[in-house]
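This report refers to the structure that appears directly beneath it.
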Amino acid sequence: MSYEDPWYDALASGWGEAGGAGTPARTVPAARGEGDVAAVRARDVYLEVQRSEAFQEVRGRYRRFVVPGVAVFLAWYVGYVVAATTAPGLMARPVVGAVNVGMLAGLSQFLSTFLLTWGYARHARLRRDRLALELRWDTQELTRGARGGAS
């Protein structure tokens, strides 16, 4: 019995084995230049999907989060390193007991990493995952049609 869900990841479930434990994995597919007509049609499907408005929307939403997020995070990190090297007096200023500004800034680097990770996961879940899953489903259906119904 085959699993027909296009979101099913055979490698994650079978760890490189096509039918589960003990059965060998499928052979490696032919190189790009050696494909058959169905493979060429499948490639055309992927090119068509890449040019589609839905794909561009998913990519655009990804870029609108990632580019500013990376820029802010790198600026914050570089700012911390520059402040630590050029303003040791500021970084050594005590805040509470033995805790100084440098320690708080260093710990806030960890906090900002966790916040960025949380924000990325939330953004992906709320703004991209549903569109990407629908696009992937449509792509799987189109490639099945290009291969003549074979999965």
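At-a-glance table
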quantity	calculated
Solvent-accessible surface (1.4 angstrom probe) belonging to residue 117, in square angstrom, nearest 10	80 Å²
Accessible-area value, residue 99, 1.4 Å probe, nucleic acids and ligands omitted, Å²	50 Å²
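The values are calculated or read from the model by the stated rules, or taken from the named source; none is laboratory data. From a predicted model like this one, the values you see are computed outputs, not experimental measurements. Side chains included, ligands, DNA and RNA excluded: accessible areas come from the protein's heavy atoms. Shrake-Rupley method; radii C 1.70, N 1.55, O 1.52, S 1.80 Å.
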